[in-house]
Every structure is written in structure tokens, then in C-alpha cells.
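Input: a single structure, listed below in C-alpha cells.
Please treat every number below as a calculation from the coordinates, not as lab data. Note that the structure is predicted; figures quoted are calculated from it, not measured. Cβ placement follows ideal geometry from the backbone for every residue including glycine, while neighbour counts extend to all protein chains displayed.
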Amino acid sequence: MLKLKFLGSADSAGIPVHNCNCIVCEKYREEKRVNLSTCAYLELNKKVILLDAGIDSISNIFDKKRISAVFLTHFHADHCMGLLRLRYSKDRINCYHPKDEYGFSDLFKHKHSIVYTPLEDFQEIIIEGISFTALPLKHSKNCYGYFIKSKTVQLAYLTDCFEIPQKTLEFLSSKKLDAVFIDACYDESIKKGNHLNYLQATKILDKFDAKQKYLMHTSHTTKEYIEKNKISLKYRYIKGNESFLF
Ligand SMILES: [Zn+2]
Ligand SMILES: [Zn+2]
Ligand SMILES: [Zn+2]
């Protein structure tokens, strides 16, 4: 059994947003909920593999646990800021990522325990018996989604993107997918930018014959738009700390 748990799946501001009094942020405060920026992990036989590292406290969350690898989608702060402290780990930690000249902050200058390995398009890496394939996505920075294949499941993790290139769509349509997670940061009033809106993301999800399909990378303004306009979505957003067992 493979466990996929999200520690956060919101945009870079997280929810609630500091001092924002919109209905969404106020509701999150009332319910004592937070959705931080993007970080998930796979757990198999007590071994941990991170998908993105956009949460500052990962070095504490996984303290005393071996992190077998980190697969970064890209070097925006909301996907990699956790590495700023995790790099002081006493373990060597392998981090796979798209090519990026600058990385983020001084991560490349002071690597400490992190070993960075840039991937090629569609390169496959196998960690703890789970295969990860780098899927080119279109975003404002070089960005890879990942096709993840274990003995029990085949997943696609597709964030951040404003478009999925044809070759990535072709690759994925040749796979039998169990679950797909896709960037749907914007509401439908925003048609152009660095992310998909939920209607654009829905159209892409419609192309996949997967059993489970989810939206992610939401924001407080997107949630507010949905609530105010009483939009009913074909596919739902994952919760900030949702777990999936495959
Ligand atoms: Zn708000
Ligand atoms: Zn980004
Ligand atoms: Zn992001």
C-alpha cells in the first residue's frame, strides 16, 4: 500500500492570508484550518519521498525519519522553501528537479547535505522501488510534473502549469492512470497567467481516463469566487492535509 499525503496544496500565500478578511480566510480561522503551500509525501514501508518542499517546517515534521529523495517541480518559493532548513540535515538528501540556472535563494551556493540532480525531459528515476518520470509542464519557470508508478498505483502530479505540452499529454494518455492531481490556481475569470483556472484544468482532466481526478494549488480568491458565485465543480479541490491510500 502506498500512502500519498499532502501537507499543503494552496498557492504561495496559503490560506488564510495574513490579515485578509474575505469569507474564505475568516472561515478557515473560525475552523482553525490552514492550507499551506505545496508539499506532499509518499510513504512506503516507513520510507519517505517528498514531492515538493514548500513548507518551512519539513525538517521538523520528518525529524528522525530518513528522506529517500525529494522530487521538486520547480524552484518557486512555495515549492522549495523547506529546503532552506532541511539542507542542514545530517543525512545526505537527493533532490531531483528541472534544470534551473539560479535555483532559489542561496540553495545552490550553500548546498550542505542536499545533492541536486537536474533531470531531462521524461527521465525516469527509481527510488525505493517507485518510479518517477519527469513530465515537462509550461509555467513561468522550468517545471516538471511527475508520473509516479508503484506496484499498486499509477499517478500524475501536475503542478504548476498554465498548459500541459502535447508530448506530456501523449505520454500520459499511454498510461493507465489511477489518479491525477492538477494545478487549478485560478478562478474562471482569469484566463491567462502562470496557472490554469479550474475550467481549463477540468478540460485537461476530462482527457484522462483516471479513476480519481483532483484540482490543487488553490487560493483564497479562487475559493471565494466559487463560494460567492455558487459554482459547482466537476472535480473537487483536494484538502490541504488530505491523505490517499493506493
Ligand atoms: Zn482571504
Ligand atoms: Zn510556480
Ligand atoms: Zn506554486
Can you give the calculated 222 nm mean residue ellipticity of the chain, where each DSSP H run of n ≥ 4 adds -39,500 (n - 2.57) and the sum is split over every residue, rounded to the nearest 500 deg cm²/dmol? -4500 deg cm²/dmol
Can you find, among His217, Ile164, Val180, the residue sitting farthest towards the positive end of the charge dipole of the chain, where Lys and Arg contribute +1 and Asp and Glu -1 at Cβ? Val180
Inter-probe distance in nm under a simple model that places probes 7 Å from Cα toward Cβ, at Thr152 and Lys47: 1.6 nm
With label points set 7 Å from each Cα along the Cα-to-Cβ direction at Leu245 and Lys191, the distance between them in nm comes to 4.5 nm
In whole Å, what three semi-axes, largest first, describe the equivalent ellipsoid of the stretch 112-246 built from its Cα gyration tensor (square root of 5 times each eigenvalue)? 26, 17, 15
Of Asn21, Ser68, Ser9, which is farthest towards the positive pole of the stretch 1-71's charge dipole, taken about the Cα centre with +1 and -1 on the beta-carbons of Lys, Arg and Asp, Glu respectively? Ser68
Just to confirm a number: summing +1 for Lys and Arg and -1 for Asp and Glu over residues other than Asn241 whose beta-carbon lies under 10 angstrom from that of Asn241, what do you get? +2
What list do you get for Arg29, Arg87 if you sort them by fewest beta carbons within 10 Å? Arg29, Arg87
Could you let me know the centre-to-centre spacing of the stretch 28-78 and the stretch 157-200, using Cα atoms, in angstrom? 21 Å
Using a 4.7 Å Cβ cut-off, which Cys residues in the chain lack a partner cysteine? Cys22, Cys39, Cys80, Cys95, Cys143, Cys161, Cys185
Stick to the Cα atoms of the stretch 3-245, pair each with every other, and give me the Kirkwood hydrodynamic radius in Å at one decimal. 18.1 Å
Bins of 10 Å, starting at 0 and running to the largest distance - Cα pair percent for the stretch 1-120: 14, 42, 29, 13, 1
Kirkwood Rh over alpha-carbon pairs of the stretch 1-53 plugged into Stokes-Einstein at 4 °C, 1.567 mPa s gives a D in µm²/s of 105 µm²/s
Compute the length gained on full extension between Lys138 and Ile23: take 0.36 nm times their separation in residues and subtract their Cα-Cα distance, giving the result in nm to one decimal. 38.2 nm
Could you check the simple spin-label distance between Lys90 and Glu227, using points 7 Å along Cα→Cβ, in nm with one decimal? 4.5 nm
